[in-house]
Amino acid sequence: MKRLDAHFPIDDGRRVVCLAGCGISTLASDIQSWFPDRESHSILGSTFLNPTTAAGVAFGSGGVYLRKGPARTDRALYCKVSKNKWGENVVSVVNTLGIEGLEDADFENAHGEDAACSLDAYANDVRQGYRRNMAKSSNSVHGRAKASDTNYHNTVCECTGEVSRYNADTAGEDCNRSEGKVLILATVHDTFPAPKKKRVFWVSFPDMETTLAFRREVCLNNPHDLPVSCEYMDRDSVDVIDEAGRIGTWMLRVLGMGDIMGFLWSVKMSIEGLPFSWAPLICDKLLHTLNNWVPECIPGKFMIAGREWDHHTIVTVGDFGEGELQRFMERMDSFVKKYNDKVVADEKDVGKKIVSVIEAESPSEMSALNAFRFIAALAFKTYVVGEDLQGVSVDYALPKNRGLAPPLGPSAITPLKRMRYSHFGCNVVHEDIAYPLGVDTHKEKMAFKHTVEEEGGKLPAEHGHGVEYHAPESSQKRWMAMDPLNLFNPGVGGLPTLPKYGK
């Protein structure tokens, strides 16, 4: 599947067709070279490992960008398996791509491999001469279907008790959040206007209430002036990344995102898979040991704020030609003035800032902040291995009108570190919690999941159900309809592993 990596623009660059093996980092780079004024649907997060666009659709992941939303499309080519009346397994190919010249292709009667190869050949032909004869969407129902979550910028601003996005959402074509229950061969995605100008800020706060007020009043004030992205980190996140993620951050800054980092990650995985008891620990032990020999990975002005305040956001704001950046700056300046002009009763605190705003003044500083935030998960693993601890990781969505950290529970063991970092605009939180050796981390994790659900949250929100989470009945029924024989990814989301689900 990874060899099916062809991708090509259609509709004068407003959309792009990606075969299943197309990496999101490769896609982002090519779109930038083809159309400098356009961007792909997903550029950050785990981009440095170059995961595929199809994987993003299958999990509904990629909520970093507020103006774009998570990976979603109703235009795809994918395979299902069922039995015909003679009891034979039959592969049916579903074609909702909606592309001129491909709608009449006999995909429905082709084997999956034939359909994929036909599309791969077509993709290469189109890519060779896309400037001269670019493919277009057809005028059919599929050609007019959504190739992104076009209403996301509106719903994310609604301050309600619902969540913005989560893995069990059943909306859309079967390829969306299918989690392996169909075989995706290709997808169509919208591209998006690139900002004409961009500014990045590190904004720090003393408490979560003020941080949430900043999200409501400044970032999510209205759907037309949304920032490009808004990422959150707490003090423990900053501390752990600084103590265990300097090397990873520098590598992202120097090597960039894509094939080189993916290759190095594969080398790390190969070493950890060697048949020795210490093999899974050696790389992270080494990274942790060498970490403090490496200079701080972001400029000192940001680290000073990181150590002084408890809550931080990295906000990227773009100007798209309609005054969005100016209006955002006016809102942010007004917010900072309102909070920093408050009278402080204690004389020793007179003049002390409540909100700190530090701007990244160069592309190098911008990339440093992005790398610092997105190395968090890898830094946590290095930290717990290096410190001889154990950890658990949970991702969940909180209601849009909330955001305080869910309590761990009255009987919970107090963790040594509780990293909370999130896609702040959509309120999807990643928590990495470190415990001493000997603690029953599975018990702690299960108890915490129940607490999140009691707070109105939904799990998982981004990383998929796997065999750990039991999906809601609506999702299970949807997956069973996609794969009635239970041949694809059996056991996902709490489903039975038996043929035909044991029926």
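The values are calculated or read from the model by the stated rules, or taken from the named source; none is laboratory data. Keep in mind that this is a model prediction, so the values were computed, not measured. Cβ sites come from the backbone with ideal geometry, for glycine too, and all protein chains shown count toward neighbours. The accessibility values were calculated without ligands, DNA or RNA, using every heavy atom of the protein model including side chains. Shrake-Rupley method; radii C 1.70, N 1.55, O 1.52, S 1.80 Å.
Quick check on segment 159-169. Is at least one of its residues surrounded by fewer than 22 Cβ atoms within 10 Å (Cβ to Cβ), more than 30 Å from residue 237 (Cβ to Cβ) and either at pLDDT 90 or above or in contact with a helix residue (DSSP H, G or I) (Cβ under 6 Å, 6 or more places away or on another chain) (or both)?
Within segment 159-169, not a single residue is surrounded by fewer than 22 Cβ atoms within 10 Å (Cβ to Cβ), more than 30 Å from residue 237 (Cβ to Cβ) and either at pLDDT 90 or above or in contact with a helix residue (DSSP H, G or I) (Cβ under 6 Å, 6 or more places away or on another chain) (or both).
Which one of 235, 216 is free of Cβ contacts under 8 Å to residues at least 60 places away in the same chain and closer than 30 Å to residue 406 by Cβ?
Within the list 235, 216, the selection yields 216.
Give the number of residues within segment 257-279 that are touching a residue at least 24 places away in the same chain (Cβ under 8 Å) and farther than 19 Å from residue 423 by Cβ.
Residues flagged as touching a residue at least 24 places away in the same chain (Cβ under 8 Å) and farther than 19 Å from residue 423 by Cβ within segment 257-279 amount to 5.
Residue 156: among the aliphatic types (A, V, I, L, M), open to solvent by less than 30 Å² (accessible area, probe 1.4 Å) and in contact with a Ser or Thr (Cβ under 6 Å, 6 or more places away or on another chain), yes or no?
Yes.
Being in contact with a strand residue (DSSP E or B) (Cβ under 8 Å, 6 or more places away or on another chain) and open to solvent by 30 Å² or more (accessible area, probe 1.4 Å), is that true of even one residue in segment 451-458?
There is at least one residue in segment 451-458 that is in contact with a strand residue (DSSP E or B) (Cβ under 8 Å, 6 or more places away or on another chain) and open to solvent by 30 Å² or more (accessible area, probe 1.4 Å).
Could you count how many residues in segment 459-487 are open to solvent by less than 50 Å² (accessible area, probe 1.4 Å) and over 30 Å from residue 404 (Cβ atoms)? Don't jump to the end; show me each part of the working.
First, pick out the residues of segment 459-487 that are open to solvent by less than 50 Å² (accessible area, probe 1.4 Å): 459-462, 464-466, 469, 471, 475-476, 478-480, 482-483, 485-486.
Add one more test, that the residue is over 30 Å from residue 404 (Cβ atoms), and what stays is 476, 478-480, 482-483, 485-486.
Number satisfying all stated conditions: 8.
For the subset of segment 374-401 comprising residues that are out of contact with any helix residue (DSSP H, G or I) (no Cβ under 8 Å at 6 or more places or on another chain) and of a type in the set (D, E, K, R), which member is surrounded by the fewest Cβ atoms within 10 Å (Cβ to Cβ)?
So the residue we want is 388.
Quick one: count up the residues across segment 53-105 that are hydroxyl-bearing (Ser, Thr, Tyr), modelled with pLDDT of 90 or more and in a strand (DSSP E or B).
Going through segment 53-105 one residue at a time, the tally reaches 1.
So the check is Cβ under 6 Å with 6+ separation or different chains; which pairs have a first residue in segment 12-26 that's in a helix (DSSP H, G or I) and a second one that's open to solvent by less than 20 Å² (accessible area, probe 1.4 Å) and β-branched (Val, Ile, Thr)?
From segment 12-26, the pairs are 24/47; 24/53; 25/47.
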